[in-house]
Amino acid sequence: MTDYLMLLTAVLLLAGDFSINKLYQKKVGADARAVLLFNCINGLLTAGIFFVINGILNGFSFEFHWYSFLMAASMALFGLSYNFIGFRMLRDGNMASYTLFLMTGGMVLPYVVGLIGLNEPFSVLRTLGLGVIFAGVFSANAPKTRPSSKYMLMGGAVFVLNGLVSTVSKLHQIENTIPTVSSASFVMLSGLARSICCALALAFMKKGAETGAAKRNMLVYLIAVSALFGGVSYLLQLVGAKSLPATVLYPIITGGSIIFSALAGRVFFKERIGKQTLIGIALCFLGTCMFL
């Protein structure tokens, strides 16, 4: 029961992080430079926050193992890659279609890896639940027009890359033959790797218009809150990954994030929840309950 309560808290914090991201985008925009800058600062702040948290819990020492660093760097590269592909998808299509590929990839790929590669037990009820959540995601984000073949290929890449991010997290947490860092230290390493990757990407981009000093200061506060929410959420997911199978963990995160993100959008941004989205939320709720 404790694992599921931690997972619920992780999903709530994830919805809060999505809300902070949306607020940032409304104030700054969602162009490539703005997103990279956000992730660069966010990753650095996440590393700093969890260095302090880990220091309080385990003493102020920098924990490092090459396996953990390589896994964190892989996650950062996969995440940065699907972000760049996502920019092209958002230009050629819409947010809904991109979200569909992104969320289902983060759920389905680790589910399949759990069954085939990790010998996790097969459950008919949970497999049906996966299908119900997939239907919910599709209902909430189904594109209005048929996408092109090129768009579908980009969507497939996003599907696989986000699935790899989830799979790498799970594999790191269950590794018991190679020395690994603690969960808090892995969050720190992941944030540091993400910051470095985004800083390198920014170095190769043309410099855009500067943000005013007052606005920039306010945005640092937003990014700091996002780093705290996102970092703690990821920490709780990592702790859950040690004891919960991937076939349970990631479908619950996907279904729960859709439900609470929609509610957060309604409460904080007065977004209207249409009939199609409402059906999707109901299906995600039903599918998530089938994993409990």
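All other residues with a Cβ under 12 Å from the Cβ of residue 75 taken together, and with Lys, Arg as +1 and Asp, Glu as -1, what is their net charge? So the environment of residue 75 carries a net charge of +2. Note on the chain: Cα Rg divided by 2.2 N^0.38 Å, N the number of residues, gives 0.98. With helices as the sole contributors, the chain gives -28500 deg cm²/dmol at 222 nm; each DSSP H run of n ≥ 4 counts as -39500 (n - 2.57), and the sum is divided by every residue. With all protein chains kept in place, the per residue accessible area of the chain amounts to 50 square angstrom at a probe of 1.4 angstrom. Could you tell me whether segment 236-280 comes out rounded, prolate or oblate from its Cα gyration tensor? Rule is a ≥ b ≥ c as square roots of the eigenvalues, rounded for a/c under 1.5, then prolate if a/b exceeds b/c, otherwise oblate. Oblate, since a/c reaches 1.5 and b/c is not below a/b.
When the residues 197, 289 are ordered by accessible surface, computed with a 1.4 Å probe over the protein chains alone, the sequence from largest down reads 289, 197. Only protein atoms count toward the accessible area here, which uses a 1.4 Å probe; on the chain, the carbon and sulfur part of that area reaches 70 percent. Its residues counted as N, segment 8-81 yields a C-alpha radius of gyration over 2.2 N^0.38 Å of 1.32.
The values are calculated or read from the model by the stated rules, or taken from the named source; none is laboratory data. Not measured: the values here are computed from a predicted model. Cβ atoms come from the backbone with ideal geometry, glycine included; neighbour counts cover every protein chain shown. Quick note on the areas: whole protein, heavy atoms, side chains included, nothing else; ligands and nucleic acids left out. Shrake-Rupley method; radii C 1.70, N 1.55, O 1.52, S 1.80 Å.
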